[in-house]
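Peer 1: This structure is in structure tokens; I'll ask about it shortly.
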């Protein structure tokens, strides 16, 4: 994937660039908003990763100007501004995701993956009425889930949880991503509500003693697989 | 001193004193005018008597009797100074007895009054009514007796009139006094209500409130402007306090973030499982610290009330139900129960903050109420307020701690061993205040109940919101 990274702190920029390159992404790293803006207008990127607080043209303004100029690449804003209002301003400013510094690298990588997946395929993925991973089928219109032909009866939140996993097969979905997308709580609860719902979902999916399609990635999140290994 | 301390008491005291003064004044006027008129009646009687005795010196008894008879008849039609206003009725009476005691002139009288002054002589008036007169009886040289009397009716009428005037005046003064007392009381009450309203808002955490001024230059205005200066000082102090804690928390984040980043880089590069594990532990500790700062920043942000700009109408019922469903598996997992009885209530607010408030309360129960504590949430509409009661049947808290638990970073003895920063309930209180509401903790016989009161949508929240500064 081709990623534009705008970050003024050299060490962080190098760290993120190295990490993303190791994951197989192509990274264009810039330290100035003006240059980054010019690049978005002349080149195509799959994802924009913009630091909000940089001198000169800041990340959020860069994004606004890029959006006005017709750039539609999904964007993640990175910011040390963690306030409730700051998040709202970031998302209202045209960002698709808002990640508060400091963050775990795995969190950024997972969010980039989820956004990139949504982007070019996004409209098709949203429009499709069936999600299929392995022997799990989800009918989004009738809101029915089947595993190997057996209907699995899910609560609304369990349904949303599974839906988000099915939309990101074989990719890491972090706990905070699930909290944001499935529960939209806007804060980090101290209780393991993701874990408790996940264990119910698993119990229902595997009620007939099937193998568990959901793998827990310790300390990070979950991945769903079509074929259990 | 037993001076009254309330406006009501002072007003009643003032009314009683002015009524007594008026009554005393009236009584004095009645007394003196009574005396004066009585003296005038006496003087007239004496003048008449002297005239008649002089007449007797030059005439005999029969002539005097004739003269007395004529005079007695004459007074019935004449305008005397004691006569009624319309001239009717007689005011003077005359009578004469011969030396043998037989009445020879004047209206017939049943008894012959004694010599000298008789203050209350019963009389029959020409119009048939009865009354009393002041009478002077004198003995003539030959033993005949002469009586001149003046009707006291005029005196009574004068007394009545003056009393009437005094009582009317008293009534008028009491009426005016009562009206002005009530008006004064209302004025004071209204002004004090605006002052105490502003103070109450500040107590509840809205430091931007001021007492409205109306440029009247009144005493209240002066007090209000002094209070406003004080409120401004409080606001400035609170702001600088918040600013300092925000700055510290904010400035700590940047270096901590860099340390975290470098530690993560090290961990990802390391191939040694043991050092990876210990670095993972250090990162987790760092995250807890960052979490504490984030929590502190969030509480001060909500306390600043800027969040009110984004308030929208929202269903409190749905928000609570969302959170309850999110936490239900966590309760179930430990074999604990969570029950919710939710009426249909809407408020103006921020959905995420409201959910966070409920979540914090449920997390408190999960973490601190004891292993078997169940939760029970009730949402009801009471007097236009949304009342949320979050009750548990756990180990509870001591009543001394009821207020303390809402303060920042306060952790009770028994929870020191568990995770957390002591920010959950401060956030609950900050969110409740931002929503113009209140929160209190009640240590019940079994467990702890947190009661929230938030103005509901049907209670004119738009009015409250319009008092806020418009978004910058």
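Peer 1: All but one of (1) more than 12 Å from chain B (Cβ to nearest Cβ); (2) out of contact with any strand residue (DSSP E or B) (no Cβ under 9 Å at 6 or more places or on another chain); (3) farther than 27 Å from residue A:74 by Cα hold for residue A:156, so report the exception by its number.
Peer 2: Of the numbered conditions (1) more than 12 Å from chain B (Cβ to nearest Cβ); (2) out of contact with any strand residue (DSSP E or B) (no Cβ under 9 Å at 6 or more places or on another chain); (3) farther than 27 Å from residue A:74 by Cα, the odd one out for residue A:156 is (1).
Residue-by-condition table, conditions (1) closer than 30 Å to residue B:307 by Cα; (2) touching a helix residue (DSSP H, G or I) at 6+ places or on another chain (Cβ under 6 Å); (3) modelled with pLDDT of 80 or more:
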position	(1), (2), (3)
B:367	yes, no, yes
B:370	no, no, yes
B:374	no, no, yes
B:381	yes, no, yes
B:394	no, no, yes
B:403	yes, no, no
B:408	yes, yes, no
B:411	yes, no, no
B:428	yes, yes, yes
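Peer 1: Select, from B:279, B:267, the only residue that is touching a helix residue (DSSP H, G or I) at 6+ places or on another chain (Cβ under 7 Å), assigned to a helix (DSSP H, G or I), crowded, with 17+ Cβ neighbours inside 10 Å and away from chain A (no Cβ under 11 Å).
Peer 2: Values: B:267 fails: away from chain A (no Cβ under 11 Å).
On inspection, the qualifying residue turns out to be B:279.
Peer 1: Then there is this: Test of understanding: among B:312, B:316, B:241, B:290, which residue is under 21 Å from residue A:84 (Cα atoms) and facing chain A (nearest Cβ under 9 Å)?
Peer 2: Numbers: B:312 fails: facing chain A (nearest Cβ under 9 Å); B:316 fails: facing chain A (nearest Cβ under 9 Å); B:241 fails: facing chain A (nearest Cβ under 9 Å).
Result: B:290 is the single residue among B:312, B:316, B:241, B:290 that is under 21 Å from residue A:84 (Cα atoms) and facing chain A (nearest Cβ under 9 Å).
Peer 1: Farther than 23 Å from residue A:188 by Cβ, assigned to a helix (DSSP H, G or I), modelled with pLDDT of 85 or more and within 60 Å of the chain's Cα centre (by Cα), is that true of residue B:313?
Peer 2: On the way: farther than 23 Å from residue A:188 by Cβ: yes; assigned to a helix (DSSP H, G or I): no; modelled with pLDDT of 85 or more: yes; within 60 Å of the chain's Cα centre (by Cα): yes.
Against the criterion (farther than 23 Å from residue A:188 by Cβ, assigned to a helix (DSSP H, G or I), modelled with pLDDT of 85 or more and within 60 Å of the chain's Cα centre (by Cα)), residue B:313 does not qualify.
Peer 1: Looking at this structure, is residue B:163 farther than 30 Å from residue B:454 by Cα, modelled with pLDDT of 85 or more and touching a helix residue (DSSP H, G or I) at 6+ places or on another chain (Cβ under 9 Å)? Give the steps one after another, and end with the answer.
Peer 2: Numbers: farther than 30 Å from residue B:454 by Cα: yes; modelled with pLDDT of 85 or more: yes; touching a helix residue (DSSP H, G or I) at 6+ places or on another chain (Cβ under 9 Å): yes.
Spelling it out, residue B:163 is indeed farther than 30 Å from residue B:454 by Cα, modelled with pLDDT of 85 or more and touching a helix residue (DSSP H, G or I) at 6+ places or on another chain (Cβ under 9 Å).
Peer 1: Only one residue in B:294, B:313 is buried (at least 17 other Cβ atoms within 10 Å of the Cβ) and in contact with a strand residue (DSSP E or B) (Cβ under 9 Å, 6 or more places away or on another chain). Which one?
Peer 2: Values: B:313 fails: buried (at least 17 other Cβ atoms within 10 Å of the Cβ).
Selected residue: B:294, the only one of B:294, B:313 that is buried (at least 17 other Cβ atoms within 10 Å of the Cβ) and in contact with a strand residue (DSSP E or B) (Cβ under 9 Å, 6 or more places away or on another chain).
Peer 1: Output the residue which, of all residues in region B:244-257 that are closer than 25 Å to residue A:20 by Cβ and buried (at least 16 other Cβ atoms within 10 Å of the Cβ), is nearest to the other protein chains (Cβ to nearest Cβ). Write out each step before concluding.
Peer 2: At the first step, the residues of region B:244-257 found to be closer than 25 Å to residue A:20 by Cβ are B:253-257.
From what's left, buried (at least 16 other Cβ atoms within 10 Å of the Cβ): B:253, B:256-257.
Numbers: B:253: 6, B:256: 7, B:257: 3 Å.
Only one residue fits best here, namely B:257.
Peer 1: Counting residues that are more than 14 Å from every other protein chain (Cβ to nearest Cβ) and either over 34 Å from the mean Cα position of the chain (by Cα) or without any contact (Cβ under 8 Å) to a residue 24 or more places away in the chain (or both), which strands (runs of 3 or more DSSP E) fully inside region B:332-435 reach at least 2?
Peer 2: Values: elements: B:338-342, B:346-349, B:375-382, B:385-392.
Filter on region B:332-435 gives B:338-342, B:375-382, B:385-392.
Peer 1: Quick one: which helices (runs of 4 or more DSSP H) lie wholly within region A:15-92 and hold at least 1 residues that are within 14 Å of chain B (Cβ to nearest Cβ)? Spell out the reasoning first.
Peer 2: Numbers: elements: A:33-42, A:59-68, A:84-92.
Counting at least 1 such residues, we get A:84-92.
Peer 1: For the structure I just gave you, tell me whether residue A:196 is assigned to a loop (DSSP other than H, G, I, E, B), within 30 Å of residue B:350 (Cβ to Cβ) and touching a helix residue (DSSP H, G or I) at 6+ places or on another chain (Cβ under 6 Å). Walk me through it before giving the result.
Peer 2: Values: assigned to a loop (DSSP other than H, G, I, E, B): no; within 30 Å of residue B:350 (Cβ to Cβ): yes; touching a helix residue (DSSP H, G or I) at 6+ places or on another chain (Cβ under 6 Å): yes.
No: the conditions fail for residue A:196.
Peer 1: In region A:1-53, what count of residues is obtained for those that are surrounded by fewer than 17 Cβ atoms within 10 Å (Cβ to Cβ), touching a strand residue (DSSP E or B) at 6+ places or on another chain (Cβ under 6 Å) and in contact (Cβ under 8 Å) with a residue 40 or more places away in the chain?
Peer 2: The qualifying residues number 1.
Peer 1: Go through region A:93-115 and give me each residue that's farther than 19 Å from residue A:172 by Cα and more than 9 Å from chain B (Cβ to nearest Cβ).
Peer 2: Within region A:93-115, A:93, A:94, A:95 qualify.
Peer 1: Out of everything in region A:193-219 that is within 23 Å of residue A:109 (Cα to Cα) and surrounded by fewer than 18 Cβ atoms within 10 Å (Cβ to Cβ), what residue ends up being farthest from the other protein chains (Cβ to nearest Cβ)?
Peer 2: So, considering only residues that are within 23 Å of residue A:109 (Cα to Cα) and surrounded by fewer than 18 Cβ atoms within 10 Å (Cβ to Cβ), the one farthest from the other protein chains (Cβ to nearest Cβ) is A:215.
Peer 1: Just one of B:14, B:6 is surrounded by 13 or more Cβ atoms within 10 Å (Cβ to Cβ) and at pLDDT below 85; which is it? It would help to see each step written out before you state the result.
Peer 2: Working: B:6 fails: surrounded by 13 or more Cβ atoms within 10 Å (Cβ to Cβ).
Just a single option satisfies the conditions, and that option is B:14.
Peer 1: Name the single residue, out of those in region A:165-192 being within 13 Å of residue A:225 (Cα to Cα) and crowded, with 17+ Cβ neighbours inside 10 Å, that is farthest from the other protein chains (Cβ to nearest Cβ). Reasoning before the result, please.
Peer 2: Taking region A:165-192 first, the residues within 13 Å of residue A:225 (Cα to Cα) are A:165-173.
Now restrict to residues that are crowded, with 17+ Cβ neighbours inside 10 Å: A:165-169, A:171-173.
Numbers: A:165: 17, A:166: 20, A:167: 21, A:168: 21, A:169: 24, A:171: 19, A:172: 14, A:173: 17 Å.
The extreme case among them is A:169.
Peer 1: While we're looking at this one, here's another question. Could you please give the count of residues in region B:319-331 that are within 12 Å of chain A (Cβ to nearest Cβ) and either in a strand (DSSP E or B) or touching a residue at least 24 places away in the same chain (Cβ under 8 Å) (or both)? Working first, answer last.
Peer 2: Filtering region B:319-331 down to residues within 12 Å of chain A (Cβ to nearest Cβ) leaves B:319, B:321-331.
Filter again for either in a strand (DSSP E or B) or touching a residue at least 24 places away in the same chain (Cβ under 8 Å) (or both), leaving B:319, B:322-324, B:326-327, B:330-331.
Matching residues across region B:319-331 total 8.
Peer 1: Let me ask something else. Can you work out which of the residues in region A:220-229 that are surrounded by 15 or more Cβ atoms within 10 Å (Cβ to Cβ) and more than 14 Å from every other protein chain (Cβ to nearest Cβ) is farthest from the chain's Cα centre (by Cα)? Let's see the steps before the verdict.
Peer 2: Residues of region A:220-229 that are surrounded by 15 or more Cβ atoms within 10 Å (Cβ to Cβ), as a first pass: A:220-225.
Going one step further and asking which of them are more than 14 Å from every other protein chain (Cβ to nearest Cβ), we end up with A:221-225.
Details: A:221: 12, A:222: 12, A:223: 13, A:224: 15, A:225: 17 Å.
Filtering region A:220-229 for residues that are surrounded by 15 or more Cβ atoms within 10 Å (Cβ to Cβ) and more than 14 Å from every other protein chain (Cβ to nearest Cβ), the one farthest from the chain's Cα centre (by Cα) comes out as A:225.
The values are calculated or read from the model by the stated rules, or taken from the named source; none is laboratory data. The shown structure was predicted, so the numbers you read here are calculated from the model rather than taken from an experiment. Positions of Cβ are generated from backbone atoms using ideal geometry, with glycine treated the same way; all protein chains shown enter the neighbour counts.
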